[in-house]
Amino acid sequence: MPVALLALAISAFGIGTTEFVMMGLLPNVAGDLGTTVPTAGHLVSAYALGVVVGAPLLTALGSRIPRKRMLILLMALFTVGNLASALAPGYGWLLAGRVLAGLPHGAFFGVGAVVAARLVRPDRQARAVATMFLGLTVANILGVPAATLLGQHLGWRATFLVVAVIGLVSLAALARMIPDLPVDERQGLGRELRALGRPQVLLGLLTAVFGFAGVFAVYSYLASMTTEVMGFGESTVTIVLALFGIGMTAGALAAGPLTDRAPRPTLYGSLAALALTLVAFRFTVHVPWLALVTVVVLGAVGFMTTTPLQMLVMEKAKDAPTLASASNHSAFNLANAGGAWAGGAAIAAGWGWTSPALVGAGLAAAGLAVAVAAGLLDRTGRSAEGASHVVARSPLSGRETPVREPASRASGS
């Protein structure tokens, strides 16, 4: 694999750390800024809002900027956002800093996925994209626990200062390792928007919203399940979250080669496995050692959905893939928010701490249904395209030439 992928993975590590670390720092932030934990929880939503808005907006604005320069600009904005968070004098300023840090998230992964795919042979593109995402998964094993521990001992501001330093390291790595990749002159905002509006692309984004929401219906409440259902102490929460991160990493490693070989079957299999694992978790959560094993499996099958979804969306928007690729991360963050809301609604309704697992299973099944519908549409489209061509044989040379049939004949009318 090209060394340039290391620069993308380092950047993904920093982004993943700042995205998830706030969940572990909420009590510290609330106490320091004189607010409540639920109010501090809006800082998690603020980052997600930045991702949802920033992914299509910044990608559209940078559609004519060379890819390397665009990555550097996005990482610079990410670094400034984390520095602003560290220096925020009050809750409002911290809220703004979190939105600012989230703005480049989706656009960076969207552009980064396109760059990663262009750095390797076509038969290794999914592995290249998965390598970039590996930084995101490692952040959940090392970055988030370490940053949380740092924030608990030295204050939450120290956490964001360290993430800003990671941003500076990422900037240096991007500038040194990423080759110059010019923008295709044919590409522009209009072309990107048309690609984004294709039915197959929209179905891919919808699959991400439903399918990945199944993961976050449980992940958002995993800490509470650890203490309330599994029977572990609060000190074990970090270990359980790290186990989930180990599963994510294993899923990312497996997803690359599987997606290169068969993207749709990989997506179908991972979504089906996710739904079944969530149903199983409803029961295994009461047996501590089985619960821990299921957490690892849940992280693995959940994250195995990301690479095939990313590659399929890029493939269906292949002549203008950047905006579609970035919008996929907006879809993932909508899934984060929607899954957390759905899981929380089940708990608030009095269905118990394990109810988010069944809610998540339903969401994963809905994602699988959308994915299958997209696959059938893909098949129908290819069949119609194949049926619209016949072969004409020249009576003199015997050479066969493809000839497009009239639309009425091709459609069978």
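Here is how the numbers come out for the structure above:
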item: Matching option when the condition is of a type outside the set (Asp, Glu), under 20 Å from Val51 (Cβ atoms) and part of a helix (DSSP H, G or I), among Thr159, Thr131; result: Thr159
item: Inter-residue pairs, beta-carbon under 6 Å, first at negative phi and in the range 60-72, second open to solvent by 40 Å² or more (accessible area, probe 1.4 Å) and of a type in the set (Asp, Glu), 6+ apart; result: Lys68/Asp180
item: Of all residues in the range 51-68 being in a helix (DSSP H, G or I) and among the β-branched types (Val, Ile, Thr), the one that is most open to solvent (accessible area, probe 1.4 Å); result: Val53
item: Residue selected from the range 220-248 under the condition of a type in the set (Ser, Thr, Tyr) and open to solvent by 20 Å² or more (accessible area, probe 1.4 Å), by the criterion nearest to His329 (Cα to Cα); result: Ser220
item: Those residues of the range 69-89 which are under 13 Å from Ser11 (Cα atoms) and either open to solvent by 10 Å² or more (accessible area, probe 1.4 Å) or of a type in the set (A, V, I, L, M) (or both), in sequence order; result: Leu71, Ile72, Leu73, Leu74, Met75, Ala76, Leu77, Thr79
item: Members of the range 306-337 found to be outside any helix (DSSP H, G or I), over 20 Å from Gly256 (Cβ atoms) and open to solvent by 10 Å² or more (accessible area, probe 1.4 Å), listed by number; result: Asp319
item: Sole residue being under 27 Å from Pro122 (Cα atoms) and in contact (Cβ under 8 Å) with a residue 12 or more places away in the chain, chosen from Ala262, Ala242, Ala254, Ala223; result: Ala254
item: Count of the range 307-325 residues which are among the hydrophobic types (A, V, I, L, M, F, W, C) and within 12 Å of Ala195 (Cβ to Cβ); result: 6
item: Failed condition for Gly256, given (1) within 20 Å of Phe20 (Cβ to Cβ); (2) crowded, with 17+ Cβ neighbours inside 10 Å; result: (1)
item: Residue within the range 169-176 that is touching a residue at least 24 places away in the same chain (Cβ under 8 Å), open to solvent by less than 70 Å² (accessible area, probe 1.4 Å) and over 24 Å from Val21 (Cα atoms) present; result: yes
item: Residue that is surrounded by the fewest Cβ atoms within 10 Å (Cβ to Cβ), among those in the range 350-367 that are part of a loop (DSSP other than H, G, I, E, B) and not small (Gly, Ala, Ser); result: Trp351
item: Set Gly151, Gly143: member being in a helix (DSSP H, G or I), farther than 24 Å from Ala252 by Cβ, open to solvent by less than 10 Å² (accessible area, probe 1.4 Å) and in contact (Cβ under 8 Å) with a residue 60 or more places away in the chain; result: Gly151
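Every residue, every condition in (1) free of Cβ contacts under 8 Å to residues at least 12 places away in the same chain; (2) of a type in the set (Phe, Trp, Tyr); (3) open to solvent by 30 Å² or more (accessible area, probe 1.4 Å), yes or no:
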| residue | (1), (2), (3) |
| --- | --- |
| Gly135 | no, no, no |
| Val165 | yes, no, yes |
| Ile178 | no, no, no |
| Arg191 | no, no, yes |
| Leu202 | yes, no, yes |
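The values are calculated or read from the model by the stated rules, or taken from the named source; none is laboratory data. A quick note: this is a predicted structure, and the numbers were derived from the prediction, not measured. With ideal geometry, Cβ positions are generated from the backbone for all residues, glycine too; neighbour counts draw on all protein chains shown. To get the accessible areas, we keep the full protein, side chains included, count just its heavy atoms, and leave off ligands, DNA and RNA. Shrake-Rupley method; radii C 1.70, N 1.55, O 1.52, S 1.80 Å.
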